[in-house]
Amino acid sequence: MQASIKVVIVDDEQQSIHRWQDDLAHLEDFEVIATSSSAVSAKNLVMSIQPEWLCIAGSMPGLT
């Protein structure tokens with residue numbers, strides 16, 4: 001069994017987070033391990049989890 005690619009999704013729009021989750025759910029190699037709708041909290045989340053792949057909105061309130 002192949003290890004999955006750990007993914008964190010960061011977007012201030014919950015609908016976009018759900019869309020990414022739905023799209024990645026169809027792929028065996030990817031596992032969404034965390035999501036965040038706040039850029040500031042996402043920074044800490046990413047630093048602690050250190051995902052292999054990051055889906056992030058280009059511009060978010062508080063941090064770009």
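The values are calculated or read from the model by the stated rules, or taken from the named source; none is laboratory data. This one's a predicted model, so the numbers in the text were calculated from it and none came from an experiment. So basically every Cβ, Gly included, is an ideal-geometry build from the backbone, and we count neighbours across all protein chains shown. In case anyone asks, the SASA skips ligands and DNA or RNA and just uses the protein heavy atoms, side chains included. Shrake-Rupley method; radii C 1.70, N 1.55, O 1.52, S 1.80 Å.
For the pair region 38-62 and region 1-26, the centres of their Cα atoms are 13 angstrom apart.
With percent of Cα pairs over 21 Å apart as the read-out, I listed (1) 20; (2) 16; (3) 26; which label goes with the value calculated from this structure? It is the one labelled (1). The 3J(HN,Hα) values that the Karplus relation (6.51, -1.76, 1.60; θ = phi - 60°) gives for region 11-23 are, in residue order, 7, 7, 9, 4, 4, 5, 4, 5, 5, 4, 4, 4, 5 Hz. Gly and Pro appear as x. Report summary: the helix-based calculation at 222 nm, which adds -39500 (n - 2.57) for every DSSP H run with n ≥ 4 and divides by the residues of the chain, gives -11000 deg cm²/dmol. Charge tally for Q21 (other residues, Cβ to Cβ under 12 Å; Lys, Arg +1; Asp, Glu -1): -3. With a simple spin-label model that places each label point 7 Å from the Cα along the Cα-to-Cβ direction, the separation between L27 and N44 comes to 2.9 nm. Accessible area of W20 (1.4 Å probe, protein heavy atoms only, ligands and nucleic acids ignored): about 100 Å².
Relative contact order of the chain, please, whole-number percent, based on alpha carbon pairs below 8 angstrom and at least 6 residues apart. Numbers along the way, then the final one.
On the way: 94 pairs, mean separation 29.3, N = 64.
Value for the chain: 46 percent.
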